[in-house]
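See below for the structure under consideration.
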Amino acid sequence: MKAVIHKFEDAKDLTKESLGKAVQRHLIYSVGKDVAHAVARDWCVALSLAVRDRMVEGWIDTTRSIYRKKQKRVYYLSMEFMIGRMLEDNLTNLGLTDEAKTFLAKLGLNYHDVIHAEQDAALGNGGLGRLAACFMDSMSTTGVAGMGYGIRYEHGIFRQEIEDGWQLEEPEDWLVEGNAWEFRRPEVAYDIDFGGSIETDEDGRSTWIPTERIHAVAFDMPIAGWKGAHVNTLRLWKARQADLMNLEKFNEGDFMAAAHQQILAESLSKVLYPGDHTAEGQALRLKQEFFFTSASLQDLIRRFFMNYESLDNLGDHVAIQLNDTHPAIAVPELIRLLMDEYNYSFDRALEITRETLHYTNHTLLPEALEKWPKEVFENIFPRHLQIIDMIDGAFYQEALEVGLEHHVIAGIQVIHPYQQDWVRMGNLAFIGSRKVNGVSALHTELMKKTVFHDLHQMYPDKIVNQTNGVTPRRWVLECNPGLSGLIIEKIGEDWIDDLEQLKKIEPLADDKDFQVKYMAAKTENKKQLAAFLLERTGVTVNPEAMFDIQIKRIHEYKRQLMNILETIALYNAIKKDPKAPWQPRVKIFAGKAAPSYFLAKLIIKLINDVAEVVNADADIGDKLKVVFLPNYNVTAAEVLIPGADLSEQISTAGFEASGTGNMKFALNGALTIGTLDGANVEMLEHIGDENIFIFGMEADEVADRQHRRARPSEVIQTSPRLQKIIKQLESGFFADGDTGRYKDILENLKNHDYFQVIPDFEAYWDMQRKIDEVYQQPQEWAKKAILNTARMGWFSSDRTIRGYAKDIWQAETAPAPGGA
């Protein structure tokens with residue numbers, strides 16, 4: 001023990017050296033370069049390693065403290081962690097930014113160039129992964145003994161290229177130059193099994209005899225909270241073949257058979273969300289989800305035994321949060337481990353599982369809840385299917401006891417007892433968890449009424465709400481130094497970990513001097529964004545125009561289609577009367593479409609086609625520009641969000657669970673145009689209906705139209721604007737005369753329109769024209785923008801995590817700032 005302590009104290013001595021000396025030491029001994037020959041990437045790695053050294057001390061202290069205090073552990077299982085670049089985040093949280101800037105400046109190096117030499121970690125795609133990243137930051141900031149578990153993807157989802165307006169998918173290569181933040185843990189490896197059969201002995205005990213095995217190997221990244229006082233761990237799993245290559249088959253010339261294990265292993269941690277439109281893709285996706293879930297469960301059980309002797313009270317000391325249905329297989333896997341490895345009965349294993357697991361739902365779309373063909377599932381997980389049958393049997397008896405009818409029970413079991421076709425992962429996660437939470441007040445209530453209505457009737461206390469939030473460190477302090485500096489000048493730094501302190505700037509909303517400074521920061525951000533767009537797309541935009549931005553993954557319910565149709569209508573109106581006093585706008589779109597989602601990819605093509613026509617029209621000039629920014633990621637968001645004037649949050653009411661982009665935009669002073677959907681509802685309550693632009697049908701009206709199968713063509717007949725747009729799309733006006741290019745979009749709009757673009761269109765158009773009027777009143781716009789920033793403090797992920805800790809995990813947190 002003394003030797004270990006001595007080594008740790010030596011590590012402390014190392015971190016006492018100046019940051020500059022540490023960077024130079026790493027440049028020479030870790031990167032292998034001298035000052036004269038180092039490029040920006042070399043300095044980025046050396047600086048990252050020097051900062052990591054300082055994190056390790058707090059990391060070790062945090063880990064020791066958690067073990068010593070036997071603090072309840074929280075494990076956050078997520079397929080995505082969209083963490084972006086980590087260097088600036090860690091410099092900020094450790095208070096090293098100024099020291100780093102000073103050191104680099106002395107060497108004549110550009111701070112921006114050095115930190116941007118780091119690539120975004122390709123570990124996520126959208127709001128699900130960005131939320132997980134915010135939660136990791138906030139768990140560390142609030143002192144939760146948290147640990148994230150995910151997959152160390154080699155290529156992420158894909159790098160989006162745009163060619164002739166179409167999305168093309170290329171592999172991400174973020175790991176080619178290494179990841180300076182990670183620690184490889186080769187000693188932490190677990191067996192992950194697939195396939196095979198079940199053998200039953202004389203006592204009725206089942207044994208799984210798998211036919212495939214790989215290893216999950218751990219890679220750790222420290223995640224520091226504000227001021228670096230608490231440092232948690234993000235553990236990512238990489239797949240590795242369990243056995244060495246079959247040399248006999250290789251020497252016989254059967255190279256593929258010899259490398260079978262390697263191919264299987266590499267495929268599991270290669271790509272985020274492999275296509276599941278084929279049976280092979282479904283099998284790979286399902287194996288991938290099990291791979292990281294099983295490894296994580298085995299790992300946390302191993303850690304549990306370092307403090308405790310029995311798993312009887314696992315739920316008292318451990319909370320496992322399932323971020324959506326991807327890790328829902330944790331329910332039968334934890335039961336399997338308890339039964340097959342630790343000799344618990346099924347009833348007791350189910351009880352322990354239900355005391356330990358919690359499930360966050362992120363969608364009301366039934367197809368997004370995940371369900372797998374029973375045959376595919378059984379081929380890969382015969383033991384787990386057996387356990388699911390046992391879960392369904394126990395659930396059936398519970399449902400009978402509370403008076404549910406047989407046909408109702410059948411509809412909410414994991415596998416429908418008569419149809420026997422699908423394994424429904426949403427139902428599995430719900431039945432196997434202690435708490436199930438929505439991510440906004442509206443979403444939680446709709447969960448109770450729609451997708452989980454019957455399960456809610458059976459377990460009326462299980463569903464709770466935890467409205468999402470965002471970390472103010474990355475999404476104001478770092479990405480918007482002009483605004484954050486102004487706030488600090490006026491109210492100090494307490495808001496950085498107590499965001500509701502922003503209320504203190506509310507009295508300044510009418511202060512003309514503060515308005516000027518606030519809008520000056522916005523103008524500077526818009527200039528930076530204009531330069532960024534020029535560099536990335538070649539399109540020149542005027543920073544004095546209104547920057548109207550929609551950045552989300554491309555999906556029909558998010559209604560990028562409605563946005564581009566309104567853009568066409570605005571183009572037509574300007575063409576008709578080009579001398580009218582139009583408010584200049586720049587329409588900015590960004591987001592990726594799933595590779596197999598043809599209609600979403602066609603919407604991207606339409607956006608780019610419209611941009612090509614509009615941007616080349618001399619009659620339009622700077623009155624309207626349209627830009628599609630390729631390969632949207634965290635780094636792009638850090639430029640787009642501070643530069644936005646208007647935030648597009650226009651999803652079909654009742655379909656967006658929460659959103660977090662809406663919160664980031666509003667915090668940074670963008671006004672929102674949106675529907676009463678997701679967290680927009682709560683934003684309206686906090687910032688006031690006079691400071692947000694709400695339009696369109698509400699969730700119950702949408703549901704009514706969908707139920708009645710109301711005809712969109714009847715609405716089109718009443719709208720000359722829509723009629724003209726449709727004629728333009730049919731004639732190939734935006735498609736070089738190709739009359740068939742948009743036929744799938746047109747067929748959907750005219751005959752189906754499930755996501756209600758057509759009936760909401762005129763209300764959307766009218767609200768956009770109202771926004772034009774307000775924007776042309778600079779003082780009024782500035783006041784509304786300031787009030788958005790001032791009143792968004794409740795939407796901090798620190799508040800969200802404290803809510804999870806209190807209401808779901810029953811876990812300890814550090815005292816809230818100010819003693820609240």
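Just wondering, is there one or more residues in segment 641-650 that are touching a helix residue (DSSP H, G or I) at 6+ places or on another chain (Cβ under 9 Å), open to solvent by less than 10 Å² (accessible area, probe 1.4 Å), more than 26 Å from Gly482 (Cα to Cα) and in a loop (DSSP other than H, G, I, E, B)? Yes: one or more hits.
Looking only at residues of segment 354-367 that are touching a residue at least 24 places away in the same chain (Cβ under 8 Å) and in a helix (DSSP H, G or I), we find that the one that is nearest to Gln420 (Cα to Cα) is Pro366. Within segment 374-393, one or more residues are part of a loop (DSSP other than H, G, I, E, B), open to solvent by less than 40 Å² (accessible area, probe 1.4 Å), modelled with pLDDT of 95 or more and within 22 Å of Phe290 (Cα to Cα). A count restricted to segment 277-314 and to residues that are open to solvent by 10 Å² or more (accessible area, probe 1.4 Å), over 30 Å from Gln71 (Cα atoms) and in contact (Cβ under 8 Å) with a residue 24 or more places away in the chain stands at 5.
Scanning segment 186-202 for residues that are of a type in the set (D, E, K, R) and either open to solvent by less than 60 Å² (accessible area, probe 1.4 Å) or farther than 16 Å from Ala242 by Cα (or both) yields a count of 4. Report yes if Ser719 is without any contact (Cβ under 8 Å) to a residue 24 or more places away in the chain, among the hydroxyl-bearing types (Ser, Thr, Tyr) and farther than 28 Å from Val439 by Cα, otherwise no. In short, no. Do we find that Leu272 is more than 18 Å from Arg348 (Cα to Cα), touching a residue at least 24 places away in the same chain (Cβ under 8 Å), open to solvent by less than 20 Å² (accessible area, probe 1.4 Å) and assigned to a loop (DSSP other than H, G, I, E, B) in this structure? For Leu272, the condition - more than 18 Å from Arg348 (Cα to Cα), touching a residue at least 24 places away in the same chain (Cβ under 8 Å), open to solvent by less than 20 Å² (accessible area, probe 1.4 Å) and assigned to a loop (DSSP other than H, G, I, E, B) - is met. Which of the residues that make up segment 786-797 are open to solvent by 10 Å² or more (accessible area, probe 1.4 Å) and either of a type in the set (Ser, Thr, Tyr) or under 23 Å from the mean Cα position of the chain (by Cα) (or both)? Trp794, the sole residue that qualifies. Taken over segment 548-582, residues that are assigned to a helix (DSSP H, G or I), charged (D, E, K, R), open to solvent by 10 Å² or more (accessible area, probe 1.4 Å) and in contact (Cβ under 8 Å) with a residue 60 or more places away in the chain amount to 2.
Figure legend. Inter-residue proximity from segment 680-706: first residues under 15 Å from Phe761 (Cα atoms), second residues basic (Lys, Arg), beta-carbon distance below 8 Å, spacing 6+ or different chains. Indicated pairs: Phe693/Lys770; Met697/Arg705. Being over 24 Å from the mean Cα position of the chain (by Cα) and closer than 30 Å to Ala133 by Cα: is that true of Leu534 here? Yes. Considering (1) open to solvent by 10 Å² or more (accessible area, probe 1.4 Å); (2) part of a helix (DSSP H, G or I); (3) in contact (Cβ under 8 Å) with a residue 60 or more places away in the chain; (4) over 20 Å from Phe734 (Cβ atoms), the lone condition that Glu535 does not fulfil carries the number (3).
Out of curiosity, is Pro332 under 19 Å from Val217 (Cα atoms) and either in a loop (DSSP other than H, G, I, E, B) or of a type outside the set (S, T, N, Q) (or both)? It is false that Pro332 is under 19 Å from Val217 (Cα atoms) and either in a loop (DSSP other than H, G, I, E, B) or of a type outside the set (S, T, N, Q) (or both). With respect to the conditions (1) aliphatic (A, V, I, L, M); (2) without any contact (Cβ under 8 Å) to a residue 60 or more places away in the chain; (3) surrounded by fewer than 19 Cβ atoms within 10 Å (Cβ to Cβ), Leu599 falls short on a single one, namely (2). Against the test of being at pLDDT below 95, within 28 Å of Val176 (Cβ to Cβ) and open to solvent by 20 Å² or more (accessible area, probe 1.4 Å), the options His155, His112 yield a single qualifying residue, His155.
A quick yes/no check of all residues on (1) within 25 Å of Ala703 (Cα to Cα); (2) without any contact (Cβ under 8 Å) to a residue 24 or more places away in the chain; (3) open to solvent by less than 10 Å² (accessible area, probe 1.4 Å):
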site	(1), (2), (3)
Val626	no, no, yes
Tyr632	no, no, no
Val639	no, no, no
Phe655	yes, no, no
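For segment 467-502, what are the residues that are part of a loop (DSSP other than H, G, I, E, B) and open to solvent by 10 Å² or more (accessible area, probe 1.4 Å)? Reasoning before the result, please.
The first filter runs over segment 467-502 and keeps only residues part of a loop (DSSP other than H, G, I, E, B), leaving 467-469, 471, 479-480, 492-493, 497-498.
Hits for segment 467-502 are Cys479, Gly492, Glu493, Asp497, Asp498.
Report whether or not Asp113 is under 30 Å from Ser296 (Cα atoms) and of a type in the set (D, E, K, R). Answer is no for this residue.
Just to check your reading of the model, which residue among Lys33, Lys12 is at pLDDT 95 or above and over 31 Å from the mean Cα position of the chain (by Cα)? Working first, answer last.
On the way: Lys12 fails: at pLDDT 95 or above.
Unique residue meeting the criteria: Lys33.
Take Arg213 and tell me if it is assigned to a strand (DSSP E or B), open to solvent by 60 Å² or more (accessible area, probe 1.4 Å) and under 25 Å from Val51 (Cα atoms).
Spelling it out, it is not the case that Arg213 is assigned to a strand (DSSP E or B), open to solvent by 60 Å² or more (accessible area, probe 1.4 Å) and under 25 Å from Val51 (Cα atoms).
Taking segment 275-310 as the range and being within 25 Å of the chain's Cα centre (by Cα), more than 25 Å from Tyr75 (Cα to Cα) and not charged (D, E, K, R) as the test, the residues that pass are Gly275, His277, Gly281, Gln282, Ala283. Of all residues in segment 401-426, those satisfying the criterion of being open to solvent by 10 Å² or more (accessible area, probe 1.4 Å), touching a residue at least 40 places away in the same chain (Cβ under 8 Å), outside any loop (DSSP other than H, G, I, E, B) and not β-branched (Val, Ile, Thr) are Gly411, Trp422, Arg424. Considering (1) over 20 Å from Gly196 (Cβ atoms); (2) open to solvent by 10 Å² or more (accessible area, probe 1.4 Å); (3) at pLDDT 95 or above, the lone condition that Leu247 does not fulfil carries the number (3). Which of the residues that make up segment 264-320 are closer than 25 Å to Gln810 by Cβ and among the hydroxyl-bearing types (Ser, Thr, Tyr)? If the condition is that a residue be closer than 25 Å to Gln810 by Cβ and among the hydroxyl-bearing types (Ser, Thr, Tyr), then Thr293, Ser296, Tyr308, Ser310 are the ones that fit.
Return the total of residues in segment 509-532 being open to solvent by less than 40 Å² (accessible area, probe 1.4 Å) and out of contact with any Pro (no Cβ under 6 Å at 6 or more places or on another chain). Break it down into steps so the answer makes sense when it comes.
Residues of segment 509-532 open to solvent by less than 40 Å² (accessible area, probe 1.4 Å): 509, 514-515, 518, 521-522, 525-526, 529-530, 532.
Adding the requirement that they be out of contact with any Pro (no Cβ under 6 Å at 6 or more places or on another chain) leaves 509, 514-515, 518, 521-522, 529, 532.
Qualifying residue count, segment 509-532: 8.
Annotation note: of Lys806, Lys770, the sole residue that is open to solvent by 60 Å² or more (accessible area, probe 1.4 Å), free of Cβ contacts under 8 Å to residues at least 60 places away in the same chain and either out of contact with any His (no Cβ under 8 Å at 6 or more places or on another chain) or in a helix (DSSP H, G or I) (or both) is Lys806.
Whenever a residue of segment 727-755 is modelled with pLDDT of 95 or more and surrounded by 13 or more Cβ atoms within 10 Å (Cβ to Cβ), its partners that are part of a helix (DSSP H, G or I) and of a type in the set (S, T, N, Q), lying with C-beta atoms within less than 6 angstrom and at least six residues away or across chains, give the pairs Lys750/Ser713.
The values are calculated or read from the model by the stated rules, or taken from the named source; none is laboratory data. Remember, it's a predicted structure, so these values are computed and weren't measured experimentally. Here Cβ is always computed from backbone atoms with ideal geometry, including for glycine, and neighbour counts include all displayed protein chains. Quick note on the areas: whole protein, heavy atoms, side chains included, nothing else; ligands and nucleic acids left out. Shrake-Rupley method; radii C 1.70, N 1.55, O 1.52, S 1.80 Å.
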